[in-house]
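Trainee: This is the structure I have questions about; it appears just below.
The values are calculated or read from the model by the stated rules, or taken from the named source; none is laboratory data. Keep in mind it's a predicted model, so treat the numbers as computed, not measured. All Cβ positions, glycine included, derive from the backbone under ideal geometry; neighbour counts span all protein chains shown.
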Amino acid sequence: MIAVVGSGGWGTALAFHCAQKGYPVKIWAHESEVVTEINRQHTNATFLPGITLPESIQASGSLEEVLSGCRYVITAVPSQWLRSVAKKMAPLITRNHLIISASKGLEVQSLKTLATVLEEELPMVEPGAVIALSGPNHAEEVARRIPSTTVVATPILKFAEEVQDLLISPLLRVYTNPDRLGVQLGGALKNIIALAAGISDGLGFGDNTKAALITRGLAEMARLGAAMGAQTPTFSGLSGMGDLFVTASSKHSRNAWAGRELGKGRSLAEILSSTKMVVEGVTTTQAAYRLAREKQVEIPITNITYQVLFEGVPPLEGVSRLMERVRTHEMEEVVAATYTWQ
């Protein structure tokens, strides 16, 4: 039995994928109307439109009912709600459970990764039994059975391989990675760069601009990640470069869409109120901005995105501030060792 906690697009897509593999799946939804729709119509039109779900998927608004009898718990609730949901899960979780954290973001109040939040609220699970799931995985494409890849991350190999075997299929290739921190940071920080890329599109800029934002954005993701203890090569993998590319360029990306709307002149409040979907990059920008100041790390694209989102800086002015920064080297970390000084 697999329990999926969270009935947004990604949680529903993962429930669909697991049911297609033949597992019995229960999904917890906060909204009673979503529970009714999944059970009666076998759809989730609000969060995953156009997909008919297997009749074997059962939905409930009761965490006790959903978690009963399962070994695997996939959490897919928005990052800022995860702790409150985990507190409710705690009395129902035992040492036998494996927790798969599929949400992407950082808790803005504590600046902690979501696996850390789960470990704090579910102390009865084994060390390393909270596994991060991340990668270039748009829910819409996974649910339409388009070939995709993902990464499961934990320093405990036996748990990583168990979840790998659970999820892998001919249409979803699953890799393992011991760098859980780096995998989570890649999945969170790429949403900020996707917002910036969307702003660029909304302003009418071209491919040159977007390529620069993605490339330099990846560099600052890795820089902040290294300062926090993540492994730099992780950011060149699926949960870093791969997820950044797809989120910054895809028609499915909520963060790129929100950025485009900002670039066209809409206010952040108007954009967020116009959708039921969570734009994770907004709160992640707040968290990353504070983390970078704490770690004294230079992340200019994130800083400018923060100014546009929260300080009222017009997007076009933000671009000017970014372009007119003091000149620097592309590879700041290695330049002193490679240039010939004469």
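Residues checked against (1) β-branched (Val, Ile, Thr); (2) farther than 30 Å from Pro315 by Cα:
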residue	(1), (2)
Ser134	no, no
Thr149	yes, yes
Leu185	no, no
Asp207	no, no
Gly217	no, no
Ala230	no, yes
Pro233	no, yes
Leu244	no, no
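Trainee: Turning to a different aspect of this structure: Out of the residues in the range 133-156 meeting the condition of being in contact with a Leu (Cβ under 9 Å, 6 or more places away or on another chain) and of a type in the set (A, V, I, L, M), tell me which one is nearest to Gly8 (Cα to Cα).
Mentor: Applying the filter and picking the extreme gives Ala139.
Trainee: May I ask you to verify whether Leu185 is closer than 27 Å to Arg321 by Cα, touching a strand residue (DSSP E or B) at 6+ places or on another chain (Cβ under 8 Å) and surrounded by 24 or more Cβ atoms within 10 Å (Cβ to Cβ)?
Mentor: Working: closer than 27 Å to Arg321 by Cα: yes; touching a strand residue (DSSP E or B) at 6+ places or on another chain (Cβ under 8 Å): yes; surrounded by 24 or more Cβ atoms within 10 Å (Cβ to Cβ): yes.
Judged against the criteria, Leu185 is a match.
Trainee: Identify the single condition in (1) more than 19 Å from the chain's Cα centre (by Cα); (2) in a helix (DSSP H, G or I) that Gly204 does not satisfy, given that it satisfies every other one.
Mentor: Just one mismatch for Gly204, condition (2).
Trainee: Please work out if Val278 is more than 22 Å from Leu111 (Cα to Cα) and either of a type in the set (Val, Ile, Thr) or at pLDDT 95 or above (or both). Explain how you work it out, then say what you get.
Mentor: On the way: more than 22 Å from Leu111 (Cα to Cα): no; either of a type in the set (Val, Ile, Thr) or at pLDDT 95 or above (or both): yes.
Against the criterion (more than 22 Å from Leu111 (Cα to Cα) and either of a type in the set (Val, Ile, Thr) or at pLDDT 95 or above (or both)), Val278 does not qualify.
Trainee: Then there's this: Among the residues of the range 227-282, count how many are part of a helix (DSSP H, G or I), surrounded by 14 or more Cβ atoms within 10 Å (Cβ to Cβ) and of a type outside the set (S, T, N, Q).
Mentor: Residues that pass the stated criteria total 27.
Trainee: I need the full set of residues from the range 1-40 which are outside any loop (DSSP other than H, G, I, E, B), touching a His at 6+ places or on another chain (Cβ under 9 Å) and not hydrophobic (A, V, I, L, M, F, W, C), in order please.
Mentor: Within the range 1-40, just Gly9 meets the criteria.
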